[in-house]
Amino acid sequence: MATVLRTYEPRFWDRFYIPALLQGLFITLGRIFKRKDTIQYPESKHVPPEGYRGLHRLNRHEDGRIKCVACEMCATACPAQCISIESSPAPWEEGEERYPVKFEIDLLRCIYCGFCEIACPKDAIDLTEIYDFSDYTRDSLVIDEDGLLKVGDITQTGNVYQRHNRGEKVELPLAR
Amino acid sequence: MDTFDLLATIIKVVIVFVTILVTIIILGLAERRVSGFMQYRLGPNRVGPWGLLQTVADGIKFLFKEDIIPDNVNRPIYLLAPVITMIPAFMTFAVIPFGVPLEIAGHTVKLQVADINIGLLYILALTSVGVYGLVLAGWSAGSKYPLLGGLRSSAQLISYELAMGLAIVGVIMVSGGLTFNEIITHQQATSWNFWKQPLAALVFLVAMFAETNRLPFDLTEAEQELVGGYHTEYSSFKFLMFYMSEYANVITASGFMVCLFFGGWDMPFIDEKALGHWGVVLSVLAFVSKVGFFLFLYIWVRWTFPRFRYDQLMRLGWKVLLPLGLVNIFAVGLWMALRA
């Protein structure tokens, strides 16, 4: 196929460059008054899209019992081997027979692939939208069962960042 | 010179010096914030209200940085170069009037540090001295990039000074004097030189950008090619001195432009000299706002036009601006001869 080469033919006034220069100046001037893309971070935060894979959470039944039955499917599926679970017979009469006494995730090892979420037969573990957790030590970034349940409680009532941007006070479990 | 005049002069010197320093601080911030706005960003806005203390914080940082002097520099010249750049940069503003004369207790105080009868030549002479600072800085650093930057700046400034001089000649011809007061009074009596000689104003504007080494003519710095140009090997306060003199030059060039082509302290349709003290205030306001516009123009142009290539720069200087300057002088001369 033949390629059509477009050649630029400057008109008389174009040869002075002044119209083009003025045009350029007004483009940059107009930009000053347009909306800025900057997100002023601690005051307002970026809202990640649906399906974002951030900090993990553990879900509860309606009566408050943990959904996890300590089957270790997630730990088996985990390619980074960051989940460690200790199983034990459940203390309650009705419901599941086992529950985790220890459920820890090493957040520095985790690669946020979401395999644990897919592997879980009980819908007990999820990845949430939370992305801003950081700290100064490795130990404090190993999140335990209570922490994971707390993340679950916080994230049940809607996207934490949308709530934060609306001015609601949202306390993140790991943020200092 | 009696005590009153002496005191008035000292006060004027202090006011002008402090104003330039404060303007440098504001300009440093404005540069970054306006740059941000033009790129859909906000720019630094955290240090103090609207980020006003950002430049102060930067200055303090410069003071506390380690002052590195590389091994193979030519020490005396290396140390002298920032000073040679900075002193003329701060001296040039002295001859620029920033308002109508003020009447205090029977004395007339000119709002200008020094009303010398060769005001225009004084500025041209001092800006030429300032070039030595850049060239010496580039040469003494003992490194190839500063050297290239210094060479470029000397060639560039010589080429554009010529065009600048030719643009000024047209103004001198119509106003008939080398002092700023004559030029401004003439403009106030008739109309701004910009309306009479737009060509000269354009040539001067372009030359002004080149003389202050600002984009699109910042080939002396050209960080993509030359690391940082002539100030690559400078650190800490010596770097700050180059930085400050660049901004001081920008301020002076804006004031120069305003005085030559935009009526200086003249506010259109108002006779400042008849209004007493309010006239003084109005005239200073007019001058400040006009200079403010040109300071903004510097930043505005910086984010609009790409940098010239070296041969393009030389072609523009010698083949476009120089002939245009000559055409302007010819046209003004013809006009004056026909009217006489």
(request) Could you please find all residues in segment A:83-109 being surrounded by 15 or more Cβ atoms within 10 Å (Cβ to Cβ) and in contact with a helix residue (DSSP H, G or I) (Cβ under 9 Å, 6 or more places away or on another chain)? (result) A:Ile83, A:Ser84, A:Ile85, A:Pro100, A:Phe103, A:Glu104, A:Ile105, A:Asp106, A:Leu107
(request) Name every residue in segment B:123-138 that is under 20 Å from B:Asn72 (Cα atoms) and either touching a His at 6+ places or on another chain (Cβ under 7 Å) or open to solvent by 40 Å² or more (accessible area, probe 1.4 Å) (or both), in order of residue number. (result) B:Val135, B:Leu136, B:Ala137
(message) Suppose we filter B:Ile25, B:Ile11 for residues that are assigned to a helix (DSSP H, G or I), away from every other protein chain (no Cβ under 14 Å), more than 23 Å from B:Val301 (Cβ to Cβ) and of a type in the set (A, V, I, L, M, F, W, C); which single one remains?
(response) B:Ile11
(request) Would you check if there is a residue in segment B:64-74 being over 17 Å from B:Val288 (Cα atoms), open to solvent by 60 Å² or more (accessible area, probe 1.4 Å) and in a helix (DSSP H, G or I)? (result) yes
(message) Going through B:Ala207, B:Ala200, B:Ala155, B:Ala167 one at a time, which residue ends up being outside any loop (DSSP other than H, G, I, E, B), out of contact with any Phe, Trp or Tyr (no Cβ under 6 Å at 6 or more places or on another chain), of a type in the set (Gly, Ala, Ser) and within 21 Å of B:Ile329 (Cα to Cα)?
(response) B:Ala200
(message) Given the condition hydroxyl-bearing (Ser, Thr, Tyr), more than 25 Å from the chain's Cα centre (by Cα) and either within 29 Å of A:Arg166 (Cβ to Cβ) or away from chain B (no Cβ under 14 Å) (or both), answer yes or no: does some residue in segment A:16-30 qualify?
(response) no
(request) Could you tell me whether segment B:90-108 includes any residue that is modelled with pLDDT of 85 or more and open to solvent by 40 Å² or more (accessible area, probe 1.4 Å)? (result) yes
(message) Looking at (1) open to solvent by 10 Å² or more (accessible area, probe 1.4 Å); (2) more than 25 Å from B:Ile25 (Cβ to Cβ); (3) part of a loop (DSSP other than H, G, I, E, B), which one does B:Gln224 not meet, given that it meets all the others?
(response) (3)
(message) I need the full set of residues from segment B:293-307 which are away from chain A (no Cβ under 12 Å), assigned to a helix (DSSP H, G or I) and touching a residue at least 60 places away in the same chain (Cβ under 8 Å), in order please.
(response) B:Leu295, B:Tyr298
(request) Scan segment B:175-197 residue by residue and report those that are open to solvent by less than 30 Å² (accessible area, probe 1.4 Å), part of a helix (DSSP H, G or I) and farther than 23 Å from B:Val301 by Cα. (result) B:Ser175, B:Phe180, B:Ile183, B:Ile184, B:Gln187
(request) Kindly indicate which of A:Thr7, A:Thr3, A:Thr38 is within 10 Å of chain B (Cβ to nearest Cβ) and more than 30 Å from B:Pro198 (Cβ to Cβ). (result) A:Thr38
(message) Quick check on A:Glu9: is it touching a residue at least 12 places away in the same chain (Cβ under 8 Å) and over 28 Å from A:Tyr161 (Cα atoms)?
(response) no
(message) Restricting to segment B:34-48, and then to whatever is open to solvent by less than 30 Å² (accessible area, probe 1.4 Å) and not in a loop (DSSP other than H, G, I, E, B), can you tell me which residue is farthest from the other protein chains (Cβ to nearest Cβ)?
(response) B:Ser35
(request) Looking at (1) modelled with pLDDT under 85; (2) part of a helix (DSSP H, G or I); (3) open to solvent by 60 Å² or more (accessible area, probe 1.4 Å), find the lone condition where B:Met336 falls short. (result) (1)
(request) Would you please name the residue that is nearest to the chain's Cα centre (by Cα), looking only at residues in segment A:118-138 that are surrounded by 13 or more Cβ atoms within 10 Å (Cβ to Cβ) and over 18 Å from A:Ile154 (Cα atoms)? (result) A:Asp135
(message) Can you tell me which of (1) out of contact with any Gly (no Cβ under 8 Å at 6 or more places or on another chain); (2) closer than 29 Å to B:Leu219 by Cα is the one B:Asn328 doesn't meet?
(response) (1)
(message) Please count how many residues of segment B:277-292 are touching a residue at least 60 places away in the same chain (Cβ under 8 Å) and either buried (at least 16 other Cβ atoms within 10 Å of the Cβ) or within 14 Å of another protein chain (Cβ to nearest Cβ) (or both).
(response) 6
(message) Given the criterion farther than 30 Å from A:Ser87 by Cβ and either more than 10 Å from every other protein chain (Cβ to nearest Cβ) or at pLDDT below 90 (or both), identify the matching residue among A:Val69, A:Val47.
(response) A:Val47
(request) Please go through segment A:3-35 and pick out each residue that is open to solvent by less than 100 Å² (accessible area, probe 1.4 Å) and either in a loop (DSSP other than H, G, I, E, B) or of a type in the set (S, T, N, Q) (or both). (result) A:Pro10, A:Thr28
(message) Please go through segment B:308-326 and give me each residue that is more than 22 Å from B:Gly170 (Cα to Cα), touching a residue at least 24 places away in the same chain (Cβ under 8 Å) and more than 14 Å from chain A (Cβ to nearest Cβ), ordered by number.
(response) B:Tyr310, B:Leu313, B:Met314
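The values are calculated or read from the model by the stated rules, or taken from the named source; none is laboratory data. Predicted model, so just to flag it, every value in this text is computed and none were measured. Cβ atoms come from the backbone with ideal geometry, glycine included; neighbour counts cover every protein chain shown. The accessibility values were calculated without ligands, DNA or RNA, using every heavy atom of the protein model including side chains. Shrake-Rupley method; radii C 1.70, N 1.55, O 1.52, S 1.80 Å.
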